[in-house]
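The values are calculated or read from the model by the stated rules, or taken from the named source; none is laboratory data. Computed from a prediction, not measured in an experiment: that's the story for all the values here. Note that we place each Cβ from the backbone using ideal geometry, even for glycine, and neighbour counts take in every protein chain shown. To get the accessible areas, we keep the full protein, side chains included, count just its heavy atoms, and leave off ligands, DNA and RNA. Shrake-Rupley method; radii C 1.70, N 1.55, O 1.52, S 1.80 Å.
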Amino acid sequence: MAVTTRTPLIAGNWKMNLDHLQAVATVQKLHWTLKDAGHEGDSVEVAVFPPFTDIRSVQTLIDADKIPFALGAQDLSAHDSGAYTGEVSGAFLTKLGVKYVLIGHSERREYHAESDEIVNAKVKAAIRSGLVPVICIGETAEDLERFGASAVPADQLAKALDGVSASSDVVVAYEPVWAIGSGQAATPSQAQDVCAALRKVLASALDEDAAARTRVLYGGSVKSGNIASFMREPDVDGALVGGASLVVDEFAAIVRFEKHVGV
Ligand code: PEP
């Protein structure tokens with residue numbers, strides 16, 4: 001497989017936390033915490049995924065203060081417009097400067113019955129709107145016991161990518177469901193094994209070039225104390241962080257993982 005440099009991505013999924021005022025304060029504090037620590041923005045991409053109602057406020061702040069964070073949304077509609085009460089289209093998000101959108105997070109699969117078919121339709125809707133889908137996949141504890149770690153996420157990823165063109169820009173987030181919010185992260189070698197298997201799925205569903213350039217993140221109880229061990233793995237290109245992204249000092253320390261990786 002071709003060797004390509006992939007810029008690490010540290011992404012904070014705020015879930016249904018922080019109103020728009022709290023969001024603005026959090027982004028300002030994160031920016032200043034990283035600046036005070038002498039963090040240079042270029043080597044790591046930072047993205048925040050606030051609730052929909054915060055996005056305009058965060059966009060205004062990021063633009064006005066030239067804060068080098070990418071903006072993400074936590075979901076989008078599979079449809080482009082029309083009579084879909086409560087839905088938010090990809091075009092609306094693009095207009096707000098949103099770059100990334102989470103698709104198929106396990107909480108949406110579990111609480112909103114999002115099937116692999118819906119995930120695939122949303123991936124295509126995101127790409128049509130010029131957004132980069134962050135495709136979330138992962139096995140439950142039961143899947144792990146029955147099928148091992150890679151089978152379910154590999155199958156979910158292949159289905160999410162069905163009919164997607166090889167030139168598309170996507171990000172993959174491997175998030176074992178049993179590790180999300182549990183405080184029990186996967187081991188770095190477990191994460192590496194699955195991320196390497198997912199890269200093979202990228203090669204067969206898209207092509208070798210896509211597999212080499214696409215970032216595969218690990219998510220599930222990532223903290224400042226374990227991020228470096230994940231980032232040392234060759235196929236782990238960043239992290240999707242839930243709970244720890246709400247605590248500014250902790251998230252800033254995760255962004256500064258290079259301090260601990262020892263490279
Ligand atoms: C998540 O929900 O995407 C997540 C990884 O959560 P946490 O970091 O809290 O486990």
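General observations
- Single residue of the range 245-256 satisfying the filter (of a type outside the set (Phe, Trp, Tyr), under 18 Å from residue 43 (Cα atoms) and assigned to a helix (DSSP H, G or I)) that is nearest to the ligand (Cβ to nearest atom): 254
Matching residues to (1) within 16 Å of the ligand (Cβ to nearest atom); (2) without any contact (Cβ under 8 Å) to a residue 40 or more places away in the chain; (3) within 17 Å of residue 182 (Cα to Cα):
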residue	(1), (2), (3)
104	yes, no, no
109	yes, yes, no
113	no, yes, no
116	no, no, no
120	no, no, no
124	no, no, no
127	no, no, no
131	no, no, no
143	no, yes, yes
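- Test: residue 204 is within 11 Å of the ligand (Cβ to nearest atom) and over 14 Å from residue 9 (Cα atoms): no
- Here 166, 160, 151 are screened, and the one residue that is over 26 Å from residue 186 (Cβ atoms) and hydrophobic (A, V, I, L, M, F, W, C) is 166.
- Number of the exception - residue 38 against (1) of a type in the set (Gly, Ala, Ser); (2) closer than 23 Å to residue 108 by Cβ; (3) without any contact (Cβ under 8 Å) to a residue 60 or more places away in the chain: (2)
- Answer residue from the range 213-237, given it is within 12 Å of the ligand (Cβ to nearest atom) and closer than 15 Å to residue 45 by Cβ and is farthest from the chain's Cα centre (by Cα) among those: 227
- Qualifying strands (runs of 3 or more DSSP E) (wholly inside the range 42-152; at least 1 residues being modelled with pLDDT of 95 or more and open to solvent by 10 Å² or more (accessible area, probe 1.4 Å)): 45-49, 69-73, 132-137
- Selected residue (criterion: farthest from the ligand (Cβ to nearest atom)) from residues of the range 1-50 that are in contact with a strand residue (DSSP E or B) (Cβ under 8 Å, 6 or more places away or on another chain) and among the charged types (D, E, K, R): 6
- Of the residues making up the range 145-191, those that are in contact (Cβ under 8 Å) with a residue 24 or more places away in the chain and at positive phi number 3.
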